[in-house]
Amino acid sequence: MTRAFVTGWPVAHSRSPLIHGHWLSAFGIEGSYEKIAVPPEKAPDFFGALPGSGFAGGNVTVPHKETALRAASRLDATAAAIGAVNTLWLEDGTLCGGNTDAYGFAANLDALLPGWDGTEDVVILGAGGAARAVLHAVLDRSRARVRVINRTVARAEALAEAFGPRVSGHGEGEQRALLRHADLLVNTVSKDMAKAAGDGDALPELDSLPDHAMVSDIVYVPLETPLLRAARRRGLAAADGLGMLLHQAVPGFERWFGVRPEVTAALRDLVVSDIERVP
Ligand code: ATR
């Protein structure tokens, strides 16, 4: 029996077992995909013990993605560029790390906002780990110029430094001016996080976006974020972030279980019901 896992701290909230469990039963594969909660101080030992553990590999979520990057003996080019590993697998006993978040982001937009990769001016809100994956996907798939806007401007500037001359870093004060000629706006800042800090209602000013602009939120709880609602109300094409979660799971499942699964409406419905039950 092939075994895979998702690890994080905490990990109870992870919807990955639902996704992989759905595919395992759809294909009739005798395999397992389990949650393993690992506290940060134990993460290096956990990853170090994976060769010979019987696991084919697994997913890594917050806060272990950088630890997994350091633990892997071999990295794919995407994980190295993003600086984080979300997917691990074993090749001849060697621990390998990849990052499928950028793929998941692009595949979701391919499905929901076709033509997104032909845009020339992209604005990304946020400069954390999720923004790095989005940035990698946008640079890889399009010729766009990317402006990263972040509360802490130094972090946005550091991303620009790391990702090269097509990227620039900006503070929130420049948002209105930058949105005026944006073709695609991507939010990577969790409004829960923002709300906890007391300013969750501070939406970007969508009225300054051009009429042809597309809007994407990688946050998927709630499924329709205030940003997406505002975008749709303005008549802009908008994509929620759930598809990124579903699509990023595809390459991992294929590596561990040997079959490439599909992101279907049935899978999406399953996860949507789960979000409605436990947001
Ligand atoms: P993730 O992996 O989800 O991107 P992260 O690496 O912790 O998480 O990054 C969180 C992002 O949300 C950052 O861009 C952060 O801005 P700062 O760099 O200024 O901290 C942003 N963020 C979090 N709370 C915010 C708030 N209240 N207002 C604006 N941005 C916020």
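Readers should treat all values here as calculations from the given coordinates under stated rules, not as data from a laboratory. On a predicted model such as this, the values are computed, not experimentally measured, just so you know. Reconstructed Cβ throughout: ideal geometry from the backbone, glycine too, with neighbour counts over all protein chains shown.
What FRET efficiency comes out for Glu30 versus Glu262 if R0 is 30 angstrom and r is the Cβ-Cβ distance? Round to the nearest 0.05.
Working: r = 20 Å, r/R0 = 0.67.
Between Glu30 and Glu262 the formula returns 0.90.
From the alpha carbon gyration tensor of the stretch 42-103, can you work out the equivalent ellipsoid semi-axes (sqrt of 5 times each eigenvalue) and give them in Å, largest to smallest? Each step should come with its number before you reach the end.
Values: eigenvalues 58, 31, 18 Å².
Equivalent ellipsoid semi-axes, largest first: 17, 13, 9 Å.
If each of Arg180 and Ser208 carries a label point 7 Å out from its Cα toward its Cβ, how far apart are those two points in nm?
0.8 nm
Would you please classify the overall shape of the stretch 1-44 from the alpha carbon gyration tensor, given that a ≥ b ≥ c denote the square roots of the eigenvalues, rounded means a/c under 1.5, and beyond that prolate means a/b larger than b/c while oblate covers the rest? Could the numbers behind the result be given before it?
On the way: a/c = 4.97, a/b = 2.05, b/c = 2.43.
Oblate, since a/c reaches 1.5 and b/c is not below a/b.
For the residues Met214, Met244, what sequence is obtained by ranking on other C-beta atoms within 10 Å, fewest first? If you can, show how the numbers build up before the last one.
Values: Met214 23, Met244 30.
Least to most surrounded, the residues fall as Met214, Met244.
Which whole number of Å³ per residue matches the convex hull of the alpha-carbon atoms in the stretch 59-202?
Dividing the Cα hull volume of the stretch 59-202 by its residue count gives 122 Å³.
To the nearest 10 degrees, how steeply does helix 153-163 sit against the main Cα axis of the chain, on a 0 to 90 scale?
Tilt relative to the chain: about 60 degrees.
Compare the peptides 73-81, 105-113 by average per-residue count of other Cβ atoms within 10 angstrom and give them in order, highest first. Intermediate values should be presented prior to the final figure.
Values: 73-81: 16.9, 105-113: 20.4.
Packing proxy ranking, top to bottom: 105-113, 73-81.
Looking at the chain only, what percent of DSSP beta bridges run antiparallel? Nearest 5 please.
Working: 8 of 42 bridges.
The antiparallel fraction comes to roughly 20 percent.
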